[in-house]
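Data block below; observations after.
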Amino acid sequence: MSSVSHTGERRRRLHLNAFLMEAGHHEAAWRLPHSDPRADFDLRHWIELARLAESAKFDSLFLADGPALNGTGEFRPPGQLEPLTLLTVLSQATSRIGLIATVSSTYNEPYNLARRLASVDHVSGGRAGWNIVTSAGADEAANFGLVDRPDHALRYARADEFLQVAKALWDSWESEAVVADKATGRYADPARLHRLDHRGTHFSVAGPLNVERPPQGYPLLVQAGSSEDGKEFAARHAEAIFTAHRTYERAAAFYADIKARTRAAGRDPDGVIVLPGIVPYIGSTVAEARALAKEFDDLRVPEYGLRQLASIFETEPSVFELDAPLPDFVLARPKLEGSQSRSDLIIELAVREKLTVRQIISRLGGGRGHFEFVGTPEQVADTIIAWFEGGAADGFNIMAPALPSGLAAFVEHVLPILRDKGLFREEYEGTTLREHYGLPVPANQFHRSDG
């Protein structure tokens with residue numbers, strides 16, 4: 001999180017996460033001449049990306065996920081490999097970079113997921129992270145036998161209890177539990193293996209876990225929701241936050257809010273790393289960068305954008321007119337069970353810039369509402385530094401519009417500028433994800449100091 005300069009002054013270090021998504025984050029990335037439209041299931045593609053990010057000394061890489069088909073599949077690759085399985089493979093193709101996966105708390109059980117995450121942390125040597133989501137989509141609920149998704153507040157209440165149980169399961173093995181005394185035949189000390197006997201509103205779990213405590217204590221705990229429930233959950237539990245803001249002012253307000261909430265929850269605000277997303281279109285000149293962005297935009301299919309917009313606002317595509325503003329009922333901000341914070345972001349963008357629906361879906365094509373920046377490497381770096389030093393971010397989610405080309409351009413042209421300014425590491429200083437983010441191993445709630 002910080003380093004000591006030659007003057008003895010402690011300086012914050014920028015954190016960078018490579019957010020990886022098939023052929024790229026732009027919805028039309030798979031259509032580019034140099035793109036692989038089947039990248040989503042090409043293991044060589046994922047290994048290449050992971051090694052590229054690790055060679056650049058990124059803190060971590062991140063895989064999004066949802067337990068349902070992404071759209072209809074008509075205009076964009078709709079599937080994806082299960083992320084913990086993929087991260088297990090990538091852990092063996094890399095040695096230092098952190099490995100973060102999105103996994104839903106709504107459609108899993110604490111014991112199984114705690115076991116899987118602990119296993120990934122073990123096989124990766126302490127590099128696992130969990131992006132905790134509550135799954136906003138009705139189509140996801142239908143895949144698990146539900147007529148509709150649980151309501152927003154219930155999903156977060158379940159997630160809160162889920163995480164409490166998961167932490168207790170990871171703590172259920174004390175570090176001194178394994179004796180492995182061949183002479184006496186005594187393998188473990190049963191007094192240091194702890195039953196939970198948890199009986200709560202949502203879960204009943206006996207424990208202990210049948211996997212030793214993870215090398216990091218807990219996998220790094222990440223959260224990505226910006227609703228009121230999401231921010232309160234993050235203040236209690238998150239160690240890193242992935243967030244979406246299209247303006248510095250909005251990002252700075254969120255940053256100040258989440259740090260204040262964390263402090264109010266009795267936690268150290270410096271122990272919560274805030275990482276907005278940035279989609280950089282990089283050119284050697286501004287004209288070249290604009291031409292690159294236009295190449296992507298020209299490949300979009302408006303029908304796909306309309307469907308995505310309708311999904312966010314939980315309505316039908318037919319209610320939108322491409323060359324008209326958002327309908328009044330949308331601008332009235334009805335309460336949504338899905339992504340309320342993302343819908344609010346889109347409305348703010350539309351109103352602030354007086355956009356038509358056609359213009360809105362163009363703006364969303366590259367990063368689904370994340371900050372898109374078109375410019376030279378120097379301009380990209382200056383923007384990152386301004387947000388970082390101005391109190392709007394602790395680092396960034398780098399969301400390349402095309403992969404691997406966009407990530408390679410960032411690594412080759414932007415990172416050297418950040419390094420020249422002493423803001424990003426030259427080499428890894430630790431081996432675990434927590435060490436990269438400057439975060440401690442959590443204390444074991446069951447630990448006793450006596451022998």
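Please find, within segment 232-251, the residue that is nearest to the chain's Cα centre (by Cα) out of those that are surrounded by 19 or more Cβ atoms within 10 Å (Cβ to Cβ) and assigned to a helix (DSSP H, G or I).
Ala234
Return the residue satisfying two criteria in turn: it lies in segment 105-136 and is modelled with pLDDT of 95 or more and more than 19 Å from Ala168 (Cα to Cα), and of such residues it is nearest to the chain's Cα centre (by Cα).
Arg127
How many of the residues in segment 252-270 are farther than 23 Å from Leu220 by Cβ and either crowded, with 16+ Cβ neighbours inside 10 Å or β-branched (Val, Ile, Thr) (or both)?
So the answer is 1.
Out of all the residues in segment 265-272, is one or more touching a residue at least 12 places away in the same chain (Cβ under 8 Å), among the hydrophobic types (A, V, I, L, M, F, W, C) and in contact with a Ser or Thr (Cβ under 6 Å, 6 or more places away or on another chain)? Let's see the steps before the verdict.
Start the filter on segment 265-272 by keeping residues that are touching a residue at least 12 places away in the same chain (Cβ under 8 Å), which leaves 265, 267, 270-272.
Still in the list and also among the hydrophobic types (A, V, I, L, M, F, W, C): 265, 272.
Next, only the ones that are in contact with a Ser or Thr (Cβ under 6 Å, 6 or more places away or on another chain) stay: 272.
Yes, there is a match, as at least one residue in segment 265-272 is touching a residue at least 12 places away in the same chain (Cβ under 8 Å), among the hydrophobic types (A, V, I, L, M, F, W, C) and in contact with a Ser or Thr (Cβ under 6 Å, 6 or more places away or on another chain).
Glu314 is checked against (1) of a type in the set (Asp, Glu); (2) touching an Asp or Glu at 6+ places or on another chain (Cβ under 8 Å); (3) at pLDDT 90 or above and fails just one. What number does that condition carry?
All conditions are met except number (3).
Residues of segment 271-287 being more than 14 Å from Val414 (Cα to Cα) and surrounded by 15 or more Cβ atoms within 10 Å (Cβ to Cβ), which ones? Give the steps one after another, and end with the answer.
Let us first name the residues in segment 271-287 that are more than 14 Å from Val414 (Cα to Cα), namely 271-277, 286-287.
Correct list: Gly271, Val272, Ile273, Val274, Leu275, Pro276, Gly277.
May I ask you to list the residues in segment 49-74 that are of a type in the set (A, V, I, L, M, F, W, C) and part of a loop (DSSP other than H, G, I, E, B)?
Ala56, Phe58, Ala64, Ala68, Leu69 - these are the residues of segment 49-74 that are of a type in the set (A, V, I, L, M, F, W, C) and part of a loop (DSSP other than H, G, I, E, B).
Taking the conditions exactly as written (at pLDDT 95 or above, in the same structural domain as Trp387 (by TED's automatic domain parsing) and in a strand (DSSP E or B)), does Phe254 satisfy them or not?
No: the conditions fail for Phe254.
Yes/no matrix, rows are residues, columns are (1) buried (at least 19 other Cβ atoms within 10 Å of the Cβ); (2) over 30 Å from Ser227 (Cα atoms); (3) in contact with a Leu (Cβ under 6 Å, 6 or more places away or on another chain); (4) at pLDDT below 95:
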{"residue": "Gly145", "(1), (2), (3), (4)": "no, no, no, yes"}
{"residue": "Leu154", "(1), (2), (3), (4)": "no, no, no, yes"}
{"residue": "Glu161", "(1), (2), (3), (4)": "no, no, no, no"}
{"residue": "Gln164", "(1), (2), (3), (4)": "no, no, no, no"}
{"residue": "Trp170", "(1), (2), (3), (4)": "yes, no, no, no"}
{"residue": "Ser175", "(1), (2), (3), (4)": "no, yes, no, yes"}
{"residue": "Asp181", "(1), (2), (3), (4)": "no, yes, no, no"}
{"residue": "Thr184", "(1), (2), (3), (4)": "no, yes, no, no"}
{"residue": "Ala188", "(1), (2), (3), (4)": "no, yes, no, no"}
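Can you find even one residue in segment 349-362 that is part of a helix (DSSP H, G or I), in contact (Cβ under 8 Å) with a residue 24 or more places away in the chain and among the polar types (S, T, N, Q)?
Within segment 349-362, one or more residues are part of a helix (DSSP H, G or I), in contact (Cβ under 8 Å) with a residue 24 or more places away in the chain and among the polar types (S, T, N, Q).
Within the group Val374, Val319, Val301, which residue is at pLDDT 85 or above, more than 29 Å from Arg44 (Cβ to Cβ) and over 23 Å from the mean Cα position of the chain (by Cα)? Lay out the reasoning, then the answer.
On the way: Val374 fails: over 23 Å from the mean Cα position of the chain (by Cα); Val301 fails: more than 29 Å from Arg44 (Cβ to Cβ).
That would be Val319, the only listed residue that is at pLDDT 85 or above, more than 29 Å from Arg44 (Cβ to Cβ) and over 23 Å from the mean Cα position of the chain (by Cα).
Tally up the residues in segment 170-191 that are within 24 Å of Gly129 (Cβ to Cβ) and in a loop (DSSP other than H, G, I, E, B), please.
3
So if I check each of Ala183, Ala136, Ala166, which one is of a type in the set (A, V, I, L, M, F, W, C), out of contact with any Phe, Trp or Tyr (no Cβ under 6 Å at 6 or more places or on another chain) and without any contact (Cβ under 8 Å) to a residue 24 or more places away in the chain?
That would be Ala183, the only listed residue that is of a type in the set (A, V, I, L, M, F, W, C), out of contact with any Phe, Trp or Tyr (no Cβ under 6 Å at 6 or more places or on another chain) and without any contact (Cβ under 8 Å) to a residue 24 or more places away in the chain.
Quick one: count up the residues across segment 192-231 that are more than 17 Å from the chain's Cα centre (by Cα), outside any loop (DSSP other than H, G, I, E, B) and charged (D, E, K, R).
The number of residues fulfilling the criteria is 4.
Among the residues of segment 322-343, write down those that are at pLDDT 80 or above, surrounded by fewer than 15 Cβ atoms within 10 Å (Cβ to Cβ) and out of contact with any Pro (no Cβ under 9 Å at 6 or more places or on another chain).
Once the filter is applied, which keeps residues that are at pLDDT 80 or above, surrounded by fewer than 15 Cβ atoms within 10 Å (Cβ to Cβ) and out of contact with any Pro (no Cβ under 9 Å at 6 or more places or on another chain), segment 322-343 yields Asp323, Ala324, Pro327, Asp328, Phe329, Ala332.
Name the one entry in Phe373, Phe396 that is touching a residue at least 12 places away in the same chain (Cβ under 8 Å), at negative phi, among the aromatic types (Phe, Trp, Tyr) and surrounded by fewer than 21 Cβ atoms within 10 Å (Cβ to Cβ).
On inspection, the qualifying residue turns out to be Phe373.
Given (1) surrounded by fewer than 18 Cβ atoms within 10 Å (Cβ to Cβ); (2) in a loop (DSSP other than H, G, I, E, B), where does Pro77 come up short, assuming only one miss?
Unmet for Pro77, out of (1) surrounded by fewer than 18 Cβ atoms within 10 Å (Cβ to Cβ); (2) in a loop (DSSP other than H, G, I, E, B): (1).
So, Asp139, is that one more than 30 Å from Ser95 (Cα to Cα), at pLDDT 95 or above and assigned to a helix (DSSP H, G or I) or not?
Details: more than 30 Å from Ser95 (Cα to Cα): yes; at pLDDT 95 or above: no; assigned to a helix (DSSP H, G or I): yes.
No: the conditions fail for Asp139.
Can you name the residue in segment 80-110 that is of a type outside the set (Ser, Thr, Tyr) and assigned to a strand (DSSP E or B) and is also nearest to Leu154 (Cα to Cα) among such residues?
Looking at the filtered set, the residue picked out is Val103.
The values are calculated or read from the model by the stated rules, or taken from the named source; none is laboratory data. These numbers were taken from a predicted model, which means no experiment stands behind them. Backbone-built Cβ (ideal geometry, glycine too); neighbour counts: all protein chains shown.
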